[in-house]
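The values are calculated or read from the model by the stated rules, or taken from the named source; none is laboratory data. Not measured: the values here are computed from a predicted model. Ideal geometry is used to build each Cβ from the backbone, glycine not excepted, and the neighbour counts take in all protein chains shown. Protein only, heavy atoms only, side chains kept; ligands, DNA and RNA dropped before computing areas. Shrake-Rupley method; radii C 1.70, N 1.55, O 1.52, S 1.80 Å.
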Amino acid sequence: MTTKFISADPERFAESDLSDAAKAIRDGGLVAFPTETVYGLGASGINDRAVKRIFEAKGRPSNNPLILHFASVGDCNEYAVCDDRFLALADAFMPGPLTVVLPSRGNCAPSVTAGLSTVAVRVPMHPVARSLIKAAGVPIAAPSANLSGKPSPTTCDHVKNDLNGKVEFVIDGGACTVGLESTIVKLDPTGATLLRPGGITLEMLKSVLGEVDVAPEVLAPPAPGAVPESPGMLLKHYSPNAPLYLVRSDDHARLTSFFHEASMQPDNAIICFNGDVNPKNNVYYLGDRDDEFEHARRLFDLLRVADKPGIRRIYAPMPRREGIGLALQNRMLRAAAFRIKDI
Ligand code: AMP
Ligand code: MG
């Protein structure tokens, strides 16, 4: 299949730029599109054949549910049972990088929920994503637009590398502004559980919901033999080919001297903060040390660019757990398959 590329600058695209892609969605096709979190690989959420194609294109296990994307909060209630807690979350954080797992009304394509009685719903903030959903006239089921197991795509080039020739359209809307997948919170009759941390932080969720449990898999590897609820809970996910090591120290000077030493070896790549190591081959920067939103934006791109042929090890700093740091730590632990180097 020849993939068609459409350019849609979020500041000045016209709705008509998206009409062919919206029609492709309605007709059962696959469209990769930008969102504020990462690029999504979308299909009509009410067409099971189309949704199954997402799993094929990504090489994604079929027992792994997808998020259903809507153009507005009001539309979610047609497919999910939206209670007051959902409405309070929606009031505070939607549209935005938040996904809520709710009881399903059972009317979306069965492959979207992988047979579960719950459905994950999200209203993206990205103007291109919202226009595409509106123009398609159906909710769009979408996981990240990467090959399963690879770092999520935050630019059109990442999508092209992974999915060229496998999808009808790719919409280029520039780099994603959050850079990590959406926060996922599950609302049960008994309480709320954070399944995946993201741009809407645990602290922000608690400010609306009061108590929020954190699923143990967020920061711990799954127990041996356990079948995790989602691939983001696997031991290894979002991974480069070269092994990634997270370097942990409470002394920043020790960390920078470790990175400096490691950067002398040509088969090492270093992902560090601005100023940690002088610029040279195979040294990449997450941004200023205290600018974690910038780290989030750059992380997945750096995991791809650092992973060059000839590189045998990638070193990166272990993030802290507060704010969006929890999401960074969650992704980086998986990318590193929990390899931590204490120094
Ligand atoms: P991705 O779009 O690749 O980030 O994956 C979507 C993720 O949403 C899945 O891997 C699950 O973690 C989560 N998800 C979707 N639907 C459900 C659901 N019904 N219950 C729990 N988690 C869900
Ligand atoms: Mg994904």
Quiz prompt | Residues that are open to solvent by less than 30 Å² (accessible area, probe 1.4 Å), farther than 18 Å from Ala43 by Cβ and in a strand (DSSP E or B), drawn from segment 170-183 | solution = Thr183
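When you check Asn63 against the structure, is it of a type in the set (S, T, N, Q), under 19 Å from the mean Cα position of the chain (by Cα) and part of a loop (DSSP other than H, G, I, E, B), yes or no? Don't jump to the end; show me each part of the working.
Working: of a type in the set (S, T, N, Q): yes; under 19 Å from the mean Cα position of the chain (by Cα): yes; part of a loop (DSSP other than H, G, I, E, B): yes.
When the stated conditions are applied, Asn63 passes them.
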Self-check item: Breaking point among (1) open to solvent by 20 Å² or more (accessible area, probe 1.4 Å); (2) modelled with pLDDT of 95 or more, for Glu322
Solution: (2)
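Out of the strands (runs of 3 or more DSSP E) lying entirely within segment 88-142, which hold 3 or more residues that are closer than 13 Å to Gly42 by Cα? Don't jump to the end; show me each part of the working.
On the way: elements: 98-103, 118-122, 140-142.
Hits in segment 88-142: 140-142.
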Exercise. Could you please give the count of residues in segment 126-169 that are away from ligand 1 (no atom under 16 Å from the Cβ), among the aliphatic types (A, V, I, L, M) and open to solvent by 20 Å² or more (accessible area, probe 1.4 Å)?
Key: 2
Practice problem: Please specify each residue of segment 251-278 satisfying the condition of being among the acidic types (Asp, Glu) and in contact with a helix residue (DSSP H, G or I) (Cβ under 9 Å, 6 or more places away or on another chain). | Solution: Asp276
Quiz item: What is the one condition in (1) outside any loop (DSSP other than H, G, I, E, B); (2) within 22 Å of the chain's Cα centre (by Cα); (3) closer than 16 Å to Val138 by Cα that Ala22 does not satisfy?
Solution: (2)
Quiz item: So how many residues does segment 19-64 have that are in contact with a helix residue (DSSP H, G or I) (Cβ under 9 Å, 6 or more places away or on another chain) and of a type in the set (Asp, Glu)?
Solution: 3
Quiz prompt | Wholly enclosed strands (runs of 3 or more DSSP E) of segment 232-343 bearing at least 2 residues of a type in the set (Ser, Thr, Tyr) | solution = 283-285
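Anything in segment 196-215 that is surrounded by 21 or more Cβ atoms within 10 Å (Cβ to Cβ) and not small (Gly, Ala, Ser)? List them, or say none.
Of all residues in segment 196-215, those surrounded by 21 or more Cβ atoms within 10 Å (Cβ to Cβ) come to 196-200, 202, 205.
Within segment 196-215, Arg196, Pro197, Ile200, Leu202, Leu205 meet the criteria.
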Quiz prompt | Cβ pairs under 9 Å, 6+ apart, first in segment 145-159 and closer than 19 Å to Gly59 by Cα, second at pLDDT below 95 and among the hydroxyl-bearing types (Ser, Thr, Tyr) | solution = Asn146/Tyr238; Gly149/Tyr238; Gly149/Ser239; Lys150/Tyr238; Lys150/Ser239; Pro151/Tyr238; Pro151/Ser239; Ser152/Tyr238
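For the condition of a type outside the set (S, T, N, Q), more than 16 Å from ligand 2 (Cβ to nearest atom) and open to solvent by less than 30 Å² (accessible area, probe 1.4 Å), what is the one hit in Val101, Val123? If you could, list the steps in order and put the result at the bottom.
Numbers: Val101 fails: more than 16 Å from ligand 2 (Cβ to nearest atom).
When all the criteria are applied, what remains is Val123.
Residues checked against (1) within 15 Å of Ala145 (Cα to Cα); (2) under 22 Å from the mean Cα position of the chain (by Cα); (3) open to solvent by less than 70 Å² (accessible area, probe 1.4 Å):
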position: Thr3; (1), (2), (3): yes, no, yes
position: Val31; (1), (2), (3): yes, yes, yes
position: Pro34; (1), (2), (3): yes, yes, yes
position: Glu78; (1), (2), (3): no, no, no
